[in-house]
Amino acid sequence: MVIQGADISMKLVFTKGSGKFDFMEVLRPSGMKERVECPKQGIIPHDMVHYAVEHTLQQRGFLGRIKDGEAAGFHMQAEAQSDAVERLVEVFQGDAWSGGTTAPAEMIELYALTCAARACPALPIDDRDIEAVRTAIETLTGQWQAVKVGQSLTLEL
């Protein structure tokens, strides 16, 4: 399965694992490949939530930084925009873990609080943004649930 973005230059191949981890393989246009372990969390993989947020809102976070050439590691230097995206991803993960029904206004408020607590500026988001990302997460969730262990879902960024 492939979801196409507007500027296709990198592929993300999510493979469903049989144990405690799923995997994301980053395939760069140069042919370089990187593999990241994604701990299972009962919802779509964390980096797939990143895809939903970054692709839907056209914001540069973890995946955007990888697309721009950084290594796919867990210890990137702080950067205001990608830090703000990470906080938003966390809010969407929390919402997904609790059934995906949190009111958009509450999610925006929680997002503002998490950004303030971590001293990063919040992205300007509104109810439409919350609903758009939530729809993307629901679509990815359906696609991911259809993937069997050992099979993959490919996204293009």
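The values are calculated or read from the model by the stated rules, or taken from the named source; none is laboratory data. These numbers were taken from a predicted model, which means no experiment stands behind them. Positions of Cβ are generated from backbone atoms using ideal geometry, with glycine treated the same way; all protein chains shown enter the neighbour counts. Just the protein is used for accessible areas: all its heavy atoms, side chains included, with ligands, DNA and RNA removed. Shrake-Rupley method; radii C 1.70, N 1.55, O 1.52, S 1.80 Å.
Magnitude of the charge dipole for the range 53-155, about its Cα centre and with charges confined to Cβ atoms of Lys, Arg (+1) and Asp, Glu (-1), is about 340 debye. The alpha carbon gyration tensor of the range 94-135 gives principal lengths a ≥ b ≥ c with a/c of 1.5 or higher and a/b no greater than b/c, which makes the shape oblate.
For the residue pair Glu25 and Glu90, what label-to-label distance in nm results when each label sits 7 Å from Cα along the Cα-to-beta-carbon direction? So the two model labels end up 3.2 nm from each other. Extension gain for Glu138 to Leu113 (0.36 nm times residue separation, less C-alpha to C-alpha distance): 6.5 nm. Solvent-accessible area assigned to carbon and sulfur over the range 33-157 amounts to 53 percent, based on a 1.4 Å probe.
Can you tell me the accessible area per residue over the chain, all protein chains present, probe 1.4 angstrom, in square angstrom? Present the calculation step by step, with values, prior to reporting the outcome.
Values: 8110 Å² over 157 residues.
The answer is 52 Å² per residue.
Give the calculated FRET efficiency between Val13 and Thr56 to the nearest 0.05, with a Förster radius of 25 Å applied to their Cβ-Cβ distance. Walk me through the numbers on the way to the answer.
Values: r = 20 Å, r/R0 = 0.80.
The computed FRET efficiency comes out at 0.80.
Charge tally around Phe21: other residues with Cβ under 11 Å, Lys/Arg +1 each, Asp/Glu -1 each, net +2.
Distances longer than 26 Å among the Cα atoms of the chain: what percent of all pairs is that? Mind showing how you got there, number by number?
Values: 2775 of 12246 pairs.
I get 23 percent for the Cα pairs in the chain exceeding 26 Å.
Sequence-ordered 3J(HN,Hα) estimates for the range 26-33 from the Karplus curve with 6.51, -1.76 and 1.60 and θ = phi - 60° stand at 9, 10, 8, x, 5, x, 5, 10 Hz, glycine and proline given as x.
Taking the Cα centre of the range 1-121 as origin and charging only Cβ (+1 Lys, Arg; -1 Asp, Glu), how large is the dipole, in debye to the nearest 20?
Values: 12 positive and 16 negative charges, 81 e Å.
So the magnitude is around 380 debye.
Counting charges near Glu79 (Lys, Arg +1; Asp, Glu -1) among other residues having Cβ under 13 Å from its Cβ returns a value of 0.
Projecting the Cα atoms of Gln81, Phe62, Tyr111 onto the dipole axis of the range 1-129, where Lys and Arg carry +1 and Asp and Glu carry -1 at the beta carbon, places Phe62 farthest toward the positive end.
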